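As structure tokens, the structure follows; a few thoughts come after it.
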Number of protein chains: 2
Amino acid sequence: MPPPTPIEPKAVEAITADVTAANAPSGQAAPTGFRFRCIACGDLSDSAVQNFRCSRCGDLLEITNPRWSHAQGSSAPTASGLKTTWKQRRDSLSPVDLSGVWRFRELLPTLENLHHVITLREGNTPLYELPQCSRMLGLPHLFAKHQGMNPTGSFKDTGMTVAASFARQAGFRWVACASTGNTSASMAAYAARGGLRSLVLVPEGKISWSKLSQALDYGAVTCQLRTDFDGCLRLLQELVLRAPVYQLNSINPFRLEGQKTLAIELLEQLDWQPPDHIIVPGGNLGNSSAIGKALLEMHDLDLISRLPKLSIIQAEGANALVRTLREAGGKRLVTVQAETSATAIRIGNPASWKKAIRVLQATGGACEQVSEVEIARAKAEIGAEGIGCEPASAVTLAGLRKLLKQGFVKPGESVVLVLTGHLLKDPGFTMEFHRGELLPATAENESAVSELQALRRPPIVLDATLDAVIRTLEQQEKSDIQA
Amino acid sequence: MPPPTPIEPKAVEAITADVTAANAPSGQAAPTGFRFRCIACGDLSDSAVQNFRCSRCGDLLEITNPRWSHAQGSSAPTASGLKTTWKQRRDSLSPVDLSGVWRFRELLPTLENLHHVITLREGNTPLYELPQCSRMLGLPHLFAKHQGMNPTGSFKDTGMTVAASFARQAGFRWVACASTGNTSASMAAYAARGGLRSLVLVPEGKISWSKLSQALDYGAVTCQLRTDFDGCLRLLQELVLRAPVYQLNSINPFRLEGQKTLAIELLEQLDWQPPDHIIVPGGNLGNSSAIGKALLEMHDLDLISRLPKLSIIQAEGANALVRTLREAGGKRLVTVQAETSATAIRIGNPASWKKAIRVLQATGGACEQVSEVEIARAKAEIGAEGIGCEPASAVTLAGLRKLLKQGFVKPGESVVLVLTGHLLKDPGFTMEFHRGELLPATAENESAVSELQALRRPPIVLDATLDAVIRTLEQQEKSDIQA
């Protein structure tokens, strides 16, 4: 099979006049020293078609560094050498070293020239202790890695900096994704930062304006298509095969490479002592796949001496992976009609399900689902630690509670929850929760919902007198003591 | 005058039974080695009354370190010693060193015990180049220091970590502020983090739910009082004199101490080479005061060899400082009925006006005002760099344009804009701007508003066909070339 011709990107205007199946832009070269590998048939190649699908079997690609296949080999970097290099870069003032992604560039695909890097100083996210949740769950070693502290407020930035940089290196002028939320915000920011144009495809109708506002602010062109979300995805796939537009949806394997750095940074923060468990929200499953890939690579390279168990938590209303494992033994994807208030993981047809299953198996992690009430409760409990996250992030704490009950997580073990988005990504959820508009009680969930009551803090309307305010403080103290 | 008795904080319940003017909680000791100084009468004292006002003349207090009054003195820290210490802490994994505020603790009031520190890893904010704005303005050395990248999305966090830590050290169980926005969000987060209760006083009615959602998420008790904002402020002042509630409004001088670290971190990022200009939005004027104080202290301590000019920009509709300088020669405050879409600086009666004027004079900075159209344009221009900020932050770029025209800033000079809040703090502004709902054209502003048209990117509704999308991309390229 002849390798696809690497494209010479041109302006849309120039190319669309003569687009045919034969001369459409068709490939992107693999970065030096790295190759694309199909996750299903294992086919290795030096370049990829623009839709980032295997040209043999159509499945997803991943990026692999053949040098690491035998970590003992002479060309593999040494663990202590890497740790020293990464630590030294913390003293640097150069933008590439200040990035919490590119600081770990030895484990990323290699750019020909670091001048192509598009960075907003992503990564560098805090690892918080959770003292109140620790006490509540009887789990002394509990942490939260907050990816919502990235520049656009979600974990997507760590992947976008890598994929957008490769788009720029390849000479693309347009990047595109189909997304109603965090992906489009992140893509638009990095495109703008790198002088690229960005296109967001969304279904007409149901969109979160507060999330779309970011893409607009960063100058994205937003098209509301008269179709559903799957229709947007299909059209995007066609578009990137027909026009010089770089595809930035989550099947882009460069994005997953950047998202790997969450795990590297986390381990550095833990002084390279692996936790027993890492717990991640499961939506499109790209993030769990990326974290798992990083853990396996770090283990191969002797950066860590043992693998943490990586567990994935879904919302009950968007539980495709849970059902795929329980009903189909992980052999075929069971899709669902997704419905959950945790919008960032409201996905019924997750693209990276095979990668995620591989990671669960390789690390011995679990897969669980949690209810809407459990999500709301967990989000309020994380908030009470002074940490604001979007609802999807809270599934991790809710899931941990289940895994503890099941005995999968044991009280002496150390656990890291991955929070994926900032509270400000979805202020509506918080308001509705505290106003009592979320989760109206039904016959089925009445007792569960009533447990949430103690966590609600609806604004209290008062006369502007000292007595009224002091009385409120006293009542609050009394009710907290009773609770 | 006998020093006020340091209070022994008790629960609200216990104290309110026997509150009288005589036995009300009355003072807080100054931190070791530091003293409170009245900004008007200069009175020095070792403790402060809970409303943080001078017990002689009622004006605001600031915190001063007598050791620095003669930086040549033997007990003053040396500049090179400080720089080395701060740099070394960048390799530390301890939460106090990981804080971009407490890392510079030699220039902060001293806590008796660092265990009292309440931190969310605030500070550590990026300094961005602005390549597109640089070209547009012909100003090669232009940067933005983005304080919106703090944990709760605004610069308030850097001050709150200090004030909340001192509240905890003093044994308080309640903290409070009157605020409809960034202050309450930040206060509630730090209170939660430190195991304190928080109280937010807001006027009934006009509040931004998306900003209040943060305070609710972090567990604050929110009271909507039947009064206006000034009424809330007055009641808060009474409350902190009558009950053991720690006051966290911006007149709390500990907050300004924390906010100083913006300038220290900035100078470290610039390798201690001072820029020619620092430009800050002016609302309540606490932030400009804090940055100015830091610059003066750094100059005293030989950390920098010359002072940058600190300039303050206000919205035309909230221009109290501009009018105070122009109409009253800076001698008395001219208050205004504030009205601007830049809600974070919609303040007509700025508390720290005297401190701000002192800073303008000491550094030789300017004070300017910008229109609503100029704010909207500047915000879109910053967004086009991939940097999302709230409208109030954008006054800095709009003001810079004016200061350049006036010749106050010269093309060869280096300029740092201080962005104070994250885009996600006010997604509504962005949406309204792109939908064309903001700034409807009137006879007066017609030409200015029409200039904004090229920056608008309203979502385009399309049939879900490849042709329709490709046509849109072509049109976009054409219109960008024409613009």
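Taken together, the values in this text are just the output of simple stated rules run on the coordinates, not laboratory data. Source: prediction; values computed, not measured. Virtual Cβ from ideal backbone geometry, glycine too; neighbours counted across all protein chains shown.
The residue list B:120, B:324, B:299 was ranked by how far each Cα lies along the charge dipole of the protein assembly as shown toward its positive end, using unit charges on Cβ atoms, and B:299 comes out on top. When DSSP beta bridges are restricted to pairs lying wholly in chain B, around 30% turn out antiparallel. Net charge within 9 Å of residue B:91 by Cβ-Cβ distance, Lys/Arg positive one each and Asp/Glu negative one each, not counting residue B:91 itself? Residues close to residue B:91 contribute a combined charge of +3. Per residue of chain A, the DSSP helices (runs of n ≥ 4 H) give a summed -39500 (n - 2.57) that works out to -11500 deg cm²/dmol at 222 nm. Selection among B:81, A:288, A:262 by position relative to the dipole of the protein assembly as shown gives B:81 as farthest towards the positive end (Cβ unit charges, Cα centre).
Would you work out if the protein assembly as shown is rounded, prolate or oblate? Take a ≥ b ≥ c from the square roots of the eigenvalues of the alpha-carbon gyration tensor; rounded if a/c is under 1.5, else prolate when a/b is larger than b/c, oblate otherwise. Prolate shape, in that a/c is at least 1.5 and a/b is the bigger ratio.
Quote the relative contact order of the range B:272-428 in percent (integer), defining contacts as alpha-carbon pairs under 8 Å separated by 6+ residues.
Details: 309 pairs, mean separation 45.6, N = 157.
Across the range B:272-428, relative contact order equals 29 percent.
Dipole check for the range A:114-203: with +1 at the C-beta of Lys and Arg, -1 at the C-beta of Asp and Glu, and the Cα centre as origin, the magnitude is about 220 Debye. Most tightly packed first, judged by the mean number of other beta-carbon atoms within 10 Å of their residues, the peptides A:415-423, B:235-243, A:343-351, B:377-385 read A:415-423, B:377-385, A:343-351, B:235-243. In this structure, the amide hydrogen of residue A:198, modeled 1.01 Å from its nitrogen in the peptide plane, lies closer than 5 angstrom to those of A:175, A:221, counting only residues at least 5 positions away or on a different chain.
In nanometres and ascending order, the distances from the residue A:205 label point to those of the other copies are 3.9 (point 7 Å from Cα along Cα→Cβ). Scanning chain B for the Cβ atom closest to the axis that brings B onto A yields residue and whole-Å distance B:424, 2. Summarising the amide proton neighbourhood of residue A:314: residues at separation of 5 or more, or on other chains, whose placed amide H is nearer than 5 Å comprise A:282, A:368, A:369, A:370. Note that the range B:32-42 has calculated 3J(HN,Hα) couplings of 3, x, 10, 9, 8, 10, 6, 6, 9, 9, x Hz, one per residue in order, obtained from phi through the Karplus relation 6.51 cos²θ - 1.76 cosθ + 1.60 (θ = phi - 60°); glycine and proline are x. Normalising the average separation of contacting C-alpha pairs (under 8 angstrom, six or more residues apart) by the number of residues puts the relative contact order of the range B:172-212 at 49 percent. Expressed to the nearest 5 percent, the antiparallel share of DSSP beta bridges inside the protein assembly as shown is 30 percent. Between 0 and 90 degrees, the angle of helix B:391-405 with respect to the longest Cα principal axis of chain B falls at about 70 degrees. Beyond 26 Å between alpha-carbons counts as too far, so tell me which of A:211/A:260; B:331/B:425; A:145/A:425; A:260/B:87; A:354/A:405; A:309/A:331 fall in that bin. Too far apart for the 26 Å limit: B:331/B:425; A:260/B:87; A:354/A:405. Within the straight-line cut-off of under 27 Å between alpha carbons, the lysines reachable from residue B:478 are A:10, B:379, sequence neighbours fewer than 8 places apart in one chain being disregarded. Here chain A is treated with +1 on each Lys and Arg Cβ and -1 on each Asp and Glu Cβ, and its dipole about the Cα centre works out to around 1060 debye. Spin-label model, residue A:410 to residue B:326: label points 7 Å out along the Cα-to-beta-carbon direction sit 7.3 nm apart.
Sorted from fewest to most neighbouring beta carbons within 10 Å, what does the list A:393, A:352 look like?
A:352, A:393
With its label point defined 7 Å out from Cα along the Cα-to-Cβ axis, residue B:362 lies at 5.7 nm from the matching points of the other copies, in increasing order.
Placing +1 on the Cβ of every Lys and Arg and -1 on the Cβ of every Asp and Glu, with nothing else charged, gives the protein assembly as shown a dipole about its Cα centre of roughly 1040 debye.
Taking 14 Å as the cut-off, the amide N atoms of the range A:76-114 that come nearer than this to a point 7 Å along the Cα-to-beta-carbon line of residue A:269 belong to A:100-101. Sorted ascending by nearby beta carbons within 10 Å, beginning with the fewest, A:202, A:395, A:370, B:449 become B:449, A:202, A:370, A:395. Database remark: amide H of residue A:348 closer than 5 angstrom to the amide H of A:338 (H placed geometrically; neighbours at sequence offset of 5 or more, or on other chains; Pro and chain starts carry no H).
Provide the net charge surrounding residue A:398, with neighbours chosen by a C-beta distance below 12 Å and charges set as Lys +1, Arg +1, Asp -1, Glu -1. Before the final figure, lay out the partial values.
Working: positive: A:377, A:379, A:401, A:402, A:405; negative: A:316, A:368, A:372, A:374, A:381.
Once all neighbours under 12 Å are counted, the net charge is 0.
Converting phi to 3J(HN,Hα) with the Karplus coefficients 6.51, -1.76 and 1.60 and the offset θ = phi - 60°, the range B:292-307 yields x, 4, 5, 4, 5, 5, 5, 5, 4, 8, 6, 6, 10, 8, 8, 8 Hz in sequence order, with x at every glycine or proline.
Given a Förster radius of 56 Å and the C-beta distance between residue A:234 and residue B:276 as r, what FRET efficiency does 1/(1 + (r/R0)^6) yield to the nearest 0.05?
Numbers: r = 54 Å, r/R0 = 0.96.
For residue A:234 and residue B:276, the calculated efficiency is 0.55.
For the range B:217-233, putting each phi into the Karplus relation 6.51 cos²θ - 1.76 cosθ + 1.60 with θ = phi - 60° gives couplings of 4, 7, x, 5, 8, 10, 10, 8, 8, 7, 6, 9, 5, 4, x, 4, 4 Hz, in residue order, rounded to whole numbers and with x for Gly and Pro.
Could you work out the local net charge near residue A:411, counting Lys and Arg as +1, Asp and Glu as -1, over the other residues with Cβ closer than 15 Å to its Cβ? It would help to have the intermediate numbers written out before the result.
Details: positive: A:135, A:401, A:402, A:405, A:410; negative: A:276, A:413.
Summing Lys and Arg as +1 and Asp and Glu as -1 gives +3.
Just want the ordering: B:57, B:389, from fewest to most Cβ atoms lying within 10 Å of their own Cβ. Can you show the working numbers first?
Values: B:57 12, B:389 30.
Least crowded to most crowded, the residues run B:57, B:389.
Peptide A:83-96 has a mean shielding of 1, counted as Cβ atoms of other protein chains within 10 Å of each residue's Cβ. If I take every Cα pair under 8 Å that is 6 or more residues apart in chain B, average their sequence separation and divide by the length, what percent do I get for the relative contact order? Once divided by the residue count of chain B, the mean separation gives 14 percent. Counting from the shortest, the label point at residue A:467, 7 Å from Cα toward Cβ, is 7.7 nm from the same position in each remaining copy. For residue A:355, the aspartates and glutamates whose Cα comes closer than 20 Å to its Cα, not counting residues fewer than 8 places off in the same chain, are A:43, A:59, A:62, A:257, A:297, A:300, A:327, A:368.
Taking a ≥ b ≥ c as the square roots of the eigenvalues of the alpha carbon gyration tensor, chain B is prolate, as a/c is not under 1.5 and a/b beats b/c.
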